[in-house]
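What follows is a single structure, written as structure tokens, with notes after it.
The values are calculated or read from the model by the stated rules, or taken from the named source; none is laboratory data. Note that the structure is predicted; figures quoted are calculated from it, not measured. Counting neighbours? That spans all protein chains shown, and the Cβs are built from the backbone with ideal geometry, glycine included.
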Amino acid sequence: MADRTPIIQLSGVSLTLESGAGPVNILKNISFSISRGETVGIIGPSGSGKSSLMSLMTGLEQASDGDVDVDGLAFSGADEDELARHRLARVGIVMQAFHLIPTMTALENVAVPLELAGVNDAFDRAAKELDAVGLGHRMDHYPAQLSGGEQQRVALARALVSEPPILFGDEPTGNLDSATGRTIIDLLFDLAKRRGTTLVLVTHDAKLADRCDRVISMRDGKIVDDTGNTATVGETDSSDLKLGKSK
Ligand SMILES: Nc1ncnc2c1ncn2[C@@H]1O[C@H](COP(=O)(O)OP(=O)(O)O)[C@@H](O)[C@H]1O
Ligand SMILES: [Mg+2]
């Protein structure tokens, strides 16, 4: 259950990127707040800015304007090192592509983030996490020896092994057939719920988003609907969010 303490806060956020044809305004004045433990689906047509919004929330991209605050870190004041450390410890990410390292076994892939963080029992913890996603019997297999669904389980184990308070998924079932995708999503919701992980799930699948506590809809770089907070829709008064922040 969400405990109403904000863990992700965006306030008046815009993203403008340079392209050959000049600057492109990709995200426009976005404000919302996500509570600790909440599960949030972000939906919208292709090109509406879902992945860009996720890049801002994971700190892979810096906002051109406005404030992004995640689990106590204000991104605008953070340097690359701080952002990288923040991602390693506080954030898990699963994407459509599995992004596993082909020359490493499942176990080694899952242990990587822990080893980078200097954790001593990285392999023990990685093994436990692979067990949790039902892959205890495939630990020594290389990605090429695993099915797509199994590879995504490894990616999920890698995302969760540091026990991050937030899990981001960007179309995590996009490369899987629907039955396998459903299994992955069940697992993702189950693990997030059991650990109280805040889940932010980007998807173009409205049915999938409906499994979340709350659905944020995007179009043309703007939020057009938010079932969790009607105050953030349309012309947002960002002072509402600032008030929330000071609690
Ligand atoms: N690096 C970039 N430079 C210029 N435009 C980009 C860049 N990345 C994405 N875009 C544009 O931003 C818009 C939103 O893209 P994206 O966030 O990937 O949408 P979604 O994930 O909803 O499909 C699209 O019009 C896309 O073409
Ligand atoms: Mg996308």
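Only a single criterion out of (1) in contact (Cβ under 8 Å) with a residue 60 or more places away in the chain; (2) assigned to a helix (DSSP H, G or I) is not satisfied by A127, namely (1).
Please verify whether A89 is within 20 Å of the chain's Cα centre (by Cα), surrounded by fewer than 16 Cβ atoms within 10 Å (Cβ to Cβ) and closer than 29 Å to T183 by Cβ, treating the condition exactly as stated.
Values: within 20 Å of the chain's Cα centre (by Cα): yes; surrounded by fewer than 16 Cβ atoms within 10 Å (Cβ to Cβ): yes; closer than 29 Å to T183 by Cβ: yes.
It is true that A89 is within 20 Å of the chain's Cα centre (by Cα), surrounded by fewer than 16 Cβ atoms within 10 Å (Cβ to Cβ) and closer than 29 Å to T183 by Cβ.
Within region 115-174, being among the β-branched types (V, I, T) and more than 20 Å from the chain's Cα centre (by Cα) holds for one residue alone: V119. Taking first residues from region 176-189 that are in contact (Cβ under 8 Å) with a residue 40 or more places away in the chain and partners that are surrounded by fewer than 19 Cβ atoms within 10 Å (Cβ to Cβ) and outside any helix (DSSP H, G or I), the Cβ contacts under 7 Å between residues at least 6 apart in sequence or on separate chains come to F189/R211.
For I93, the criteria (1) assigned to a loop (DSSP other than H, G, I, E, B); (2) in contact with a helix residue (DSSP H, G or I) (Cβ under 8 Å, 6 or more places away or on another chain); (3) under 15 Å from A157 (Cα atoms); (4) within 16 Å of ligand 2 (Cβ to nearest atom) hold in every case but one, which is (1). Among the residues of region 173-204, those identified as at pLDDT below 95 and within 16 Å of ligand 1 (Cβ to nearest atom) are T173, G174, N175, T203, H204. Has region 24-45 got at least one residue that is touching a residue at least 24 places away in the same chain (Cβ under 8 Å), under 17 Å from H204 (Cα atoms) and surrounded by fewer than 19 Cβ atoms within 10 Å (Cβ to Cβ)? Among the residues of region 24-45, at least one is touching a residue at least 24 places away in the same chain (Cβ under 8 Å), under 17 Å from H204 (Cα atoms) and surrounded by fewer than 19 Cβ atoms within 10 Å (Cβ to Cβ), which makes the answer yes.
Select from region 199-218 the residues that are in contact (Cβ under 8 Å) with a residue 60 or more places away in the chain and either touching a Pro at 6+ places or on another chain (Cβ under 6 Å) or assigned to a helix (DSSP H, G or I) (or both) and list them in ascending order. Matches in region 199-218: A206, L208, A209. There is at least one residue in region 63-83 that is over 13 Å from the mean Cα position of the chain (by Cα), in a helix (DSSP H, G or I), more than 16 Å from ligand 2 (Cβ to nearest atom) and of a type in the set (S, T, Y).
Whether a residue is more than 16 Å from ligand 1 (Cβ to nearest atom) and crowded, with 22+ Cβ neighbours inside 10 Å was assessed, and V70 passes this test.
From the residues in region 1-16 that are among the hydrophobic types (A, V, I, L, M, F, W, C) and at pLDDT below 95, which one is surrounded by the fewest Cβ atoms within 10 Å (Cβ to Cβ)?
If we filter region 1-16 for residues that are among the hydrophobic types (A, V, I, L, M, F, W, C), which is where we start, we get 1-2, 7-8, 10, 13, 15.
Next, only the ones that are at pLDDT below 95 stay: 1-2.
Details: M1: 10, A2: 18.
It comes out as M1.
Every condition in (1) closer than 21 Å to E171 by Cα; (2) within 16 Å of ligand 2 (Cβ to nearest atom) holds for L100 except the one numbered (2).
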